[in-house]
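Below: the structure, in structure tokens.
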Amino acid sequence: MVKRYYCDFCDCSYPYSDEAFKKHRTGHHHIKLRRAHYDKFKNARERLEDEAKKSKCRRFLSGQECSFGDSCVFSHLTQAGTEALQQLALEEERQERKMQIPTAQREGLDLSVDSWLKQRKVPLTEDSDALPGPAPDPVETLAPLNTPLPSALLSLPRLPPSLAPVTPRCYLQVEFAEWG
């Protein structure tokens, strides 16, 4: 039994051999369908560059129907279509630049240390040594951790350390290794 090759672009199958594969891949129909498939994923800037390289289709611009349609080697963009594609390319570029900005800044959140401390209710002191009285327990000054344990793990008697919930005391017991 001969194995069959299925081409996703052409939606057809044929008996596999090196010659048949090469012949199919270099065929006009396969090349046209493959180009149409990948053209769907181009952004507006790439489509605009491709259309700028092409010369205008005389038949299409004279008001007649171009028999080649989307596979025509000439450009079918009118002046209004070109302007719309330029606007779309500029909008995509703006969106891309906006996505490069950090999320907090993009959403208009305050990125200052004071806002971070207020959010976690940690007081910012100028000099903690100057405060009268005994030094506070470092664990008590830490903000509470909001790491809920899944309900499936709550019923287990002894959890391994990797699954146990983290407490502020855990941070005091950490031994940091020295690097090179």
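Read the figures in this text as sums done on the coordinates, not as results from a lab. All values derive from a computational prediction rather than experimental measurement.
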> Given H placed 1.01 Å from N in the peptide plane, which residues other than close sequence neighbours of S75 have an amide H under 5 Å from its amide H?
Replying inline: S55, K56, C57
> Shape of segment 44-121 from its Cα gyration tensor (a ≥ b ≥ c, root eigenvalues): rounded if a/c is under 1.5, otherwise prolate when a/b > b/c, or oblate?
Replying inline: prolate
>> Would segment 1-41 count as rounded, prolate or oblate if I go by the C-alpha gyration tensor, calling it rounded below 1.5 in a/c and otherwise prolate when a/b exceeds b/c, oblate otherwise?
In response: prolate
> Cross-link list K42/K98; K22/K54; K32/K56; K32/K54: which exceed 26 angstrom alpha carbon to alpha carbon?
Replying inline: K22/K54
